[in-house]
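Notes follow once the structure below has been shown.
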Amino acid sequence: MFGGHTGRWFVPRGPPRLRIVQDGVVELRVISHPLIDHKLTVLRNRHTEQPTFRRLVEELVTLLAYEATRGVRVTESSIETPVAPTVGTKLAAPAPLVVPILRAGLGMLDGMLRLVPTAEVGFLGMIRDEETLQPTTYAERLPQDLSGRQCYVLDPMLATGGSLGGAVKFLVDRGANDITCICLLAAPEGIERIQELLSDLDVPCTLVVAAVDERLNDKGFIVPGLGDAGDRLYGLAD
């Protein structure tokens, strides 16, 4: 059984538990674990109720964030235990910056902060035109200067790749020099698009996902996917 493929993107399920593909500027990490697979299956189910859906999104993000923060910057810290002095590790300054893409990315924020409670939080609002499938920035709350910052971008679905690619470019334009994107699901077309959009950037970028699905349908939705993550988190936005 396979997670899906198109062109050079081919991601098997099952062992190994971490699948890393480096092809271009973006490193893809597909995290497979029994708990992740179980929670993702319940999340996909159209009959899963909204409160359960929200809770599962938070839990999945915490599990994914463990791998996503593997390269978080740290420094030595001298402390005293009840027995003796020792040298340990603490997160380096400046603190990591977590950037959920509104609105669906908000549902991932608590799960990320549960693992990294000292992280700072910025917000980026991007909306996809359902006709052209192109992203537009409509709101942002971020420092003007992100020089030297590690950023973690949260967006549940990597479908066409336009919104996530636009968000990464926005952060790089402000000086961010290390970016990790955390998504629950990705489509092969979205991964390809991200590589194209970011091919001219000289900034490390990692994409961490729970699964790569089969394809996009003609409406730009991931198949089999889980539907519209924002609507399932917060209800219909009429």
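The values are calculated or read from the model by the stated rules, or taken from the named source; none is laboratory data. Keep in mind it's a predicted model, so treat the numbers as computed, not measured. Glycine gets a Cβ as well: all are built from the backbone with ideal geometry, and neighbour counts include every protein chain shown. Areas reflect the complete protein model, heavy atoms only, side chains present, ligands, DNA and RNA absent. Shrake-Rupley method; radii C 1.70, N 1.55, O 1.52, S 1.80 Å.
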Accessible area of V74 in the full protein assembly, 1.4 Å probe (Å², nearest 10) | 80 Å²
Putting +1 on Lys and Arg Cβ atoms and -1 on Asp and Glu Cβ atoms, find which of V83, G111, V30 reaches farthest to the positive end of the dipole of the chain.
-> V83
Packing-based order for 135-146, 208-219, 82-93, 176-187, using average beta carbon neighbours within 10 Å, highest first = 176-187, 208-219, 135-146, 82-93
At a 1.4 Å probe radius, carbon and sulfur cover how many percent of the accessible area of the chain?
-> 52 percent
Using a basic spin-label model with each label point 7 Å from the Cα along Cα→Cβ, how many nm lie between N177 and N217?
-> 4.5 nm
What are the extents of the Cα atoms of the chain along their three principal axes, listed from largest to smallest and rounded to whole Å?
-> 61, 38, 38
Let me know the charge dipole size of segment 135-238 about its Cα centre in debye, to the nearest 20, where only the beta-carbon of Lys, Arg (+1) and Asp, Glu (-1) is charged.
-> 220 debye
Can you put S32, S199 in order of accessible area, largest first, using a 1.4 Å probe?
-> S199, S32
Inter-probe distance in nm under a simple model that places probes 7 Å from Cα toward Cβ, at R141 and T75 = 2.8 nm
How high is the FRET efficiency from Q50 to K169, r the C-beta distance, R0 35 Å, rounded to 0.05?
-> 0.60
Would you mind getting the accessible area per residue of the chain, heavy atoms of the protein chains only, 1.4 Å probe, in Å²?
-> 50 Å²
Can you tell me the dipole magnitude for the chain around its Cα centre, using point charges on the Cβ only (Lys, Arg +1; Asp, Glu -1), in Debye to the nearest 20?
-> 620 debye
Given the chain, what percent of its DSSP beta bridges are antiparallel, to the nearest 5?
-> 45 percent
